[in-house]
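Only one structure is covered here, and it is reproduced in the block below.
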Amino acid sequence: MHTKEIISLKDITVSFDGEKVLDGLNLNISDGEFVTLLGPSGCGKTTTLRIIGGFVFPDSGNVFFDGKDMADLPAHKRQVNTIFQRYALFPHLNVEDNVAFGMRVQRKDKAEIRETVDHMLKLVNLVGFNKRRIDTLSGGQQQRVAIARALANNPRVLLLDEPLAALDLKLRKDMQVELKNIQKSLGITFIYVTHDQEEALSMSDTVVVMDNGKIQQIGTPQDIYNEPQNAFVADFIGESNILDGIMHEDYLVEFFGRKFRCLDAGFDKKEPVDVVIRPEDIDIVPADKGDLTGTVTAVTFKGVHFETIVDFKGFKWMIQTTDYYPVDSVIGIVLNPEDIHIMKKSEYSGEFGDYSSYSEEFDEMANPEIDLTEDAAEAET
Amino acid sequence: MIKSRGAAAPFAVWMALFTVIPLGIVVWFAFTDDGGNFTLSNLSSIVDYAGTFGISIALGAIATVICLVLAFPLAYTISRAQGRVQQTMVMIIMLPMWMNFLLRTYAWMSILENNGFINQLLRLVGLLPEGHSLSLINTNGAVVLGMVYNFLPFMVLPLYSVMAKIDNSVIEAAQDLGSNIFQVFRKVIIPLSVPGMLSGITMVFVPAVSTFVITKLLGGSKTLMIGDAIETMFIGQGADYHIGATLSLVLMVMILICMAVTGMVDKGEEDELS
């Protein structure tokens, strides 16, 4: 891991039509790092990328590249290249001329251009496609041309704006691996924008979770997943049950009227906190042996596991289990100290982490087994 | 699917009655004499009109080039504007077209005349001595001005509609790859605008070459364009339908050749780029 900073954003604020898109954003990116900006649409991640690319100029704050202020440097003078969301290939040029575009602008030597084009097409597995017209290529091939075109300019930093969003799932997975390999072999910095948390976790060295124009958390994928800093991050990255709790002392938290051992410390005495429990960390036991007991209200088969919604005193949890527990069965659960994550209260507290009105808006397939009206009726009783 | 073959029948009848048959009549007149016998003498007498053809094509070409130079940056600006601004700008471009063509040209007459708006204004501020006037009207310049004024929207609109389809991200990609504003235009925007340019050129050049109203009103008797020559062959004393029909036919062939040449230029450009 390199430690030298290549890009540094200091106190960036941007407004469009009076609406704050970025609000005092600070971000340092190390040379050679794979950084992902992750967040829901409208969180400011693409704007952040466009500021680095030179397509948006901040209202206030500074952008440093190698320690030098880039405030007035237009896009065409920056040592960064972008892969645009819809590839933005030149429709009047063929594959080869698209890839050579940047080098021709710089009036590079013809032999050198030819050599680089061939090298780039080899890198992205498009050998022999030199003379093909852009509109004869599939989405995945166009994507590769866009990558080759950006890399042919030999950038220090590559900016990627949701580059895989338009591809189907299988191709997307392949391209994730390929992009990661390219980044590793070239050793250049990738700044990657996505709203897909799985993509972010599997590719990045560092994940930057954003919402509302602010950075919510910066960390390694493991940090972000295991130690979310607030309810937003916990909910956005994977599934989470988020409960109100009170921290009694270091390593001792109370929720649902019971005290549990945990691994967190450094809170005030009696401080109200958010408690995160990941659905896959929960162990199901017979009702009489559980720390808590609840009633199963819905079960969905997901292939790898069953997604089981369990009602604990009116608060519904999601539990992922490989065993099938039918609806209406009463189960107990056991929570180990390492399953319990404590977060400070934030503006997001109470907004996320309750599966009472669970809907699968983030899942790709609708699930007919969960009857929302029935759930709601049960929740009221 | 709705059967569509019969739907074009009214148009086919219309075309046959008012385009194909009249065209046949024109051809018939061009290749016959007063007795109705086949002859090529009409065609050979066209040589006398070589100068008229020359000046028509020259003035038409100058007006087309001026329109293109004026319209290109304008169309680009409109195509990059926000939705409502864009609509307003397109409407302003179209606005003069809602006024009668003759009225517009007469208005230019009263501006350019010896006692017209410009000369009066110059005398008023003392830049011209009393009794003198700049001869603005009845010049080739006035004819070109009239053409540009009347036909500019026909250049702007096709350019605009092609440019509006150029994705902003393609322009950003060019900048991202190191192109400054001139390189972006030369390497991306102009090549992608070629189809619009070609239809604009055709839509300006064709009516400009064959106009006779503009030359008559703004060019006086000094400038005689091919349109005027054709008019005199069909109206008034000394009318000769055979010569008039031949002139029309030759003009048509020349316009077709011009269009074919522009088409080839377009194709050549594409080949060069790919």
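Packing, taken as the mean count of other beta carbons within 10 Å per residue, orders the peptides A:238-249, B:246-257, A:93-104 from highest to lowest as A:93-104, A:238-249, B:246-257. In this structure the amide hydrogen of residue A:264, modeled in the peptide plane, comes within under 5 Å of the amide hydrogens of A:251, none closer than 5 places in sequence on its chain.
Subtracting the Cα-Cα distance of residue A:69 and residue A:16 from their residue separation scaled by 0.36 nm leaves 16.8 nm.
Derived scalar couplings between HN and Hα for the stretch A:291-301 equal 5, 9, 10, x, 10, 6, 10, 7, 9, 10, 7 Hz in order, rounded to whole Hz, by the Karplus curve 6.51 cos²θ - 1.76 cosθ + 1.60 (θ = phi - 60°), x for Gly and Pro. The simple Förster model, with R0 at 41 Å and r as the Cβ-Cβ distance, assigns residue B:128 and residue B:99 a FRET efficiency of 0.85. Comparing B:55, B:211, B:106 along the charge dipole axis of the protein assembly as shown, the residue lying farthest to the positive side is B:55, per the Cβ-charge model.
Per residue, chain B reaches -22500 deg cm²/dmol at 222 nm when only DSSP H runs of four or more residues are counted, each adding -39500 (n - 2.57). Shielding of peptide A:100-106 by partners, expressed as the average count of other chain Cβ atoms within 10 Å per residue Cβ, is 5.
Evaluated with a Cβ-only charge set (Lys, Arg +1; Asp, Glu -1), chain A carries a dipole of roughly 2680 debye about its Cα centre, given to the nearest 20. Expressed as a whole percent, the proportion of Cα-Cα pairs in the stretch A:142-200 lying more than 18 Å apart is 28%. Extension gain for residue B:168-residue B:50 works out to 37.7 nm (0.36 nm per residue, less the C-alpha to C-alpha distance).
Taken along the Cα-to-beta-carbon direction at a fixed 7 Å, the label points for residue B:213 and residue A:174 span 6.2 nm.
Computed across chain A, the Kirkwood radius stands at 23.3 Å (inverse of mean 1/r, all Cα pairs). As a calculated quantity, the FRET efficiency between residue A:289 and residue A:327 at R0 = 25 Å, using C-beta atoms, amounts to about 0.75. Here the 3J(HN,Hα) profile of the stretch B:186-203, calculated from phi with Karplus coefficients 6.51, -1.76 and 1.60 at θ = phi - 60°, is 5, 9, 10, 5, 5, x, 6, 8, 3, x, x, 4, 5, 6, x, 4, 4, 6 Hz, Gly and Pro shown as x. When the Cα centres of the stretch A:320-359 and the stretch B:92-155 are compared, how far apart do they sit, in Å? Cα centroid to Cα centroid, the span is 81 Å.
Applying the Karplus relation 6.51 cos²θ - 1.76 cosθ + 1.60 with θ = phi - 60° to the stretch B:175-180 yields 3J(HN,Hα) values of 5, 4, 8, x, 7, 7 Hz, where x marks Gly and Pro. According to the calculation over all Cα-Cα pairs in the protein assembly as shown, the P(r) per 20 Å bin from zero is 14, 32, 27, 17, 9, 2 %.
Computed from the C-beta positions of residue A:62 and residue A:109 and an R0 of 25 Å, the FRET efficiency is 0.10 to the nearest 0.05. The residues neighbouring residue A:182, those whose beta-carbon lies less than 13 Å from its own, together hold a net charge of +2 under the Lys/Arg +1, Asp/Glu -1 convention. Note on residue B:9 and residue B:40: their simple-model spin labels are 4.4 nm apart, each label 7 Å out from Cα toward Cβ.
Angle, helix A:110-123 long axis vs. longest principal axis of chain A, Cα atoms, 0 to 90°, nearest 10? That helix lies at roughly 20 degrees to the long axis. Inter-chain Cβ neighbour count for B:159-168, averaged per residue, equals 1 (cutoff 10 Å, partner chain atoms only).
Which is farthest toward the positive dipole end of the protein assembly as shown among B:25, A:185, A:287, measuring Cα position about the Cα centre, with Cβ charges +1 (Lys, Arg) and -1 (Asp, Glu)? My answer, from the dipole projection, is B:25.
What separates the Cα centres of the stretch A:54-127 and the stretch A:135-202 is a distance of 14 Å. Close amide H pairs (under 5 Å, H built 1.01 Å from N) link residue A:34 with A:190, A:205, A:206, residues at least 5 positions away or on another chain.
Each reported figure results from applying straightforward, stated rules to the coordinates on display, with no laboratory input. Bear in mind the structure is a predicted one, so any value in this text is a computation, not a measurement. Here the Cβ is made from the backbone with ideal geometry for all residues, glycine too, and neighbour counts use every protein chain on show.
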